[in-house]
């Protein structure tokens, strides 16, 4: 029985890794009792989803995801299905994977390369565009092969005489993303700091609401305006922090 299941799982891997998309074979195998959609080959540790993402098989990717395939299972290189799709320039697959689960967008492989870094290195501008729609890290991690990030790689590629034709466009995209991030008044560390401040539950609730709105880049409600107007009622240490981090926004939405 175990041998039969192993054979079925391997057949699913083989069907997903075929250069030409074979969705019929994949669907047939997924209907088999005992099939493991996240089965890992040995020693590469590739899943069926990783192979489908590598080859750009969109229909197979969608089908595997519907059957519970996990995106961020690392292979022997530490790469995931998203990494493979990004490195091979499959922007539609990248979009599909991120829409399903963007939580591992900054997952680094064993050399600390992320999906964005792979896309930048290869000059896949459409993939870069898809990744920049999400909270992606452009400044870290630093790779084991040098002091590199997606941003620094984009700069280096744009300066090469015989560089990729999309290098300058990719750098422009990343710079625009970076400027947008810098304009935000609140960093993740600031949000984390606020959530650790020991203040009354009602006030904490208003602050959390405020940050939730900010993170969604949506408009501020009247409760937030009320919060700002009563800011002087808080202890001085809390007031100082709140004042420092919220001053740019208070200038816009209140007369405080």
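Sorting 65-73, 157-165 by their mean Cβ neighbour count within 10 Å, with the most densely packed peptide first, gives 65-73, 157-165. A Stokes-Einstein calculation at 10 °C with viscosity 1.306 mPa s, built on the Kirkwood radius of segment 16-97 over Cα pairs, returns a diffusion coefficient of 128 µm²/s.
Nearest 0.05, what FRET efficiency do residue 180 and residue 20 give at R0 = 41 Å with Cβ-Cβ as r?
Between residue 180 and residue 20 the formula returns 0.50.
Over segment 1-149, the hull volume per residue, using the convex hull of the C-alpha atoms, is 97 Å³. Averaging the Cα positions of each part gives two centres, and for segment 24-56 and segment 92-168 these lie 26 Å apart.
Here, each number is a calculation from the coordinates, and none is a lab measurement. None of the values given here were measured: they were computed from a predicted structure. We place every Cβ from the backbone using ideal geometry, glycine too, and count neighbours over all the protein chains shown.
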